[in-house]
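The values are calculated or read from the model by the stated rules, or taken from the named source; none is laboratory data. The structure displayed is predicted, hence computed values, not measured ones. Cβ placement follows ideal geometry from the backbone for every residue including glycine, while neighbour counts extend to all protein chains displayed. These accessible areas exclude ligands, DNA and RNA; they are computed on the full protein's heavy atoms, side chains included. Shrake-Rupley method; radii C 1.70, N 1.55, O 1.52, S 1.80 Å.
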Amino acid sequence: MSYTITPMTSHQTGAEIRGLDLTRPVDAELKTRLNRDFAKYHVLVFRDQKLSAAQFAAAGELFGPLHSQHHKDIRALGHPEVSEIRNTEVAPGKYMIAGESFHTDHSNHPCPPRATSLHTVTLPSRGGDTQFVNVHLAYDELPDEMKHRIEGLKAVHAFESRYTPRKMRELSPESRKALPPPAIHPLVRTHPDNGRKFLYMNPVRMDSILGMEDGAAMALLRELMAHATQQKYEYRHKWLMGDMVIWDNRSVMHQANGDYDMKEVRHLYRIMIQDDPALWTAEGEKTLAVMAA
Ligand SMILES: [Fe+2]
């Protein structure tokens, strides 16, 4: 199988892939090519797919084994690693929109997912875009003084930060039991596949920065987020039925938009892809050494 790939921005954030049917077998060569494009563009948009939950899970595995989900109560039937994202009325006229501020997924895990993917089931007639910002570019364009200031800083990521800009969905008892303890991750990391540095930030989960007073830590985070979420770093995805979109949680942050008519349904399948635990273990060990010093 061959495919065409078209960049979606002038800054290599997002590319559209046409000509592939992901229900069909993918050979090793094609898989390597897709992973190379993924490392280059950070967000891949596969058009014209029609995947069942099982087929979607199999397509995701082209990029690695699947990662478990926090919320165990919104799984697709029979597929524990496929969750269902939809606008949900949590009180009369009040809706929960998952992911409605810039973040990277499950950063409170000791080894957060390298990627997340969504596939359309039902879309509203308009709105509901997903925005992505490239945190390699955001890091590259920081003033040298700021790069110097944040080098070596480490943040504590909890399930829900005391300073979160939005409430997280309630955990069911089963989900709470499976929750890992808060994780510590560097604010500046190096991508294992492309060798580029990036900002690793998540305001809904970052609870503190080691060695900093909380007020100063949150002010720094706000400053970095204001920089990193500028439109010049963005690819804004307008969903079409049949899209399967996969993004690299290290290279981009993302956010959902609840700007559509809530009487309409927006329903997508979601999976996440595991990262290499060795990468995070190495960083965790360095963290422990720093903490013990
Ligand atoms: Fe998300």
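Data for the structure
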{"quantity": "Count of segment 226-255 residues which are buried (at least 21 other Cβ atoms within 10 Å of the Cβ) and either over 18 Å from the mean Cα position of the chain (by Cα) or aliphatic (A, V, I, L, M) (or both)", "calculated": "6"}
{"quantity": "Single residue of 120, 164 found to be modelled with pLDDT under 95, crowded, with 17+ Cβ neighbours inside 10 Å and out of contact with any helix residue (DSSP H, G or I) (no Cβ under 9 Å at 6 or more places or on another chain)", "calculated": "164"}
{"quantity": "Selection from segment 132-161 of residues that are surrounded by fewer than 19 Cβ atoms within 10 Å (Cβ to Cβ) and under 30 Å from residue 265 (Cα atoms)", "calculated": "160"}
{"quantity": "Test: residue in segment 123-145 that is without any contact (Cβ under 8 Å) to a residue 60 or more places away in the chain, closer than 20 Å to residue 272 by Cα and touching a strand residue (DSSP E or B) at 6+ places or on another chain (Cβ under 6 Å)", "calculated": "no"}
{"quantity": "Cβ-Cβ under 9 Å pairs, at least 6 apart or on other chains, segment 265-277 side assigned to a strand (DSSP E or B), far side acidic (Asp, Glu) and open to solvent by 20 Å² or more (accessible area, probe 1.4 Å)", "calculated": "267/84; 268/84; 269/84; 270/84; 271/61; 271/81; 272/81; 273/61"}
{"quantity": "Failed criterion for residue 236 (all others in (1) at pLDDT 95 or above; (2) more than 18 Å from residue 41 (Cα to Cα) hold)", "calculated": "(2)"}
{"quantity": "Test: residue in segment 112-119 that is within 25 Å of residue 63 (Cα to Cα), more than 16 Å from the ligand (Cβ to nearest atom) and polar (S, T, N, Q)", "calculated": "no"}
{"quantity": "Meets criteria (touching a Phe, Trp or Tyr at 6+ places or on another chain (Cβ under 6 Å) and modelled with pLDDT of 95 or more) for residue 210", "calculated": "no"}
{"quantity": "Residue pairs meeting the criteria (Cβ under 8 Å; at least 6 apart or on separate chains; first closer than 14 Å to residue 96 by Cα, in segment 160-177; second outside any loop (DSSP other than H, G, I, E, B) and open to solvent by less than 100 Å² (accessible area, probe 1.4 Å))", "calculated": "169/96"}
{"quantity": "Which numbered condition residue 217 fails, given (1) within 16 Å of the chain's Cα centre (by Cα); (2) in a helix (DSSP H, G or I)", "calculated": "(1)"}
{"quantity": "Among the residues listed as 263, 232, the single one being within 25 Å of residue 89 (Cα to Cα) and either more than 15 Å from the ligand (Cβ to nearest atom) or small (Gly, Ala, Ser) (or both)", "calculated": "263"}
{"quantity": "Total residues in segment 84-100, condition in a loop (DSSP other than H, G, I, E, B) and either more than 10 Å from the ligand (Cβ to nearest atom) or of a type in the set (Val, Ile, Thr) (or both)", "calculated": "4"}
{"quantity": "Residues satisfying the stated conditions in segment 17-64, i.e. of a type in the set (S, T, N, Q) and assigned to a helix (DSSP H, G or I)", "calculated": "32, 35, 55"}
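Quick grid of which residues meet (1) at pLDDT 95 or above; (2) of a type in the set (S, T, N, Q); (3) within 20 Å of residue 113 (Cβ to Cβ):
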site	(1), (2), (3)
6	yes, yes, no
22	yes, no, yes
46	yes, no, yes
63	yes, no, yes
70	no, no, yes
78	no, no, no
85	no, no, yes
88	no, yes, no
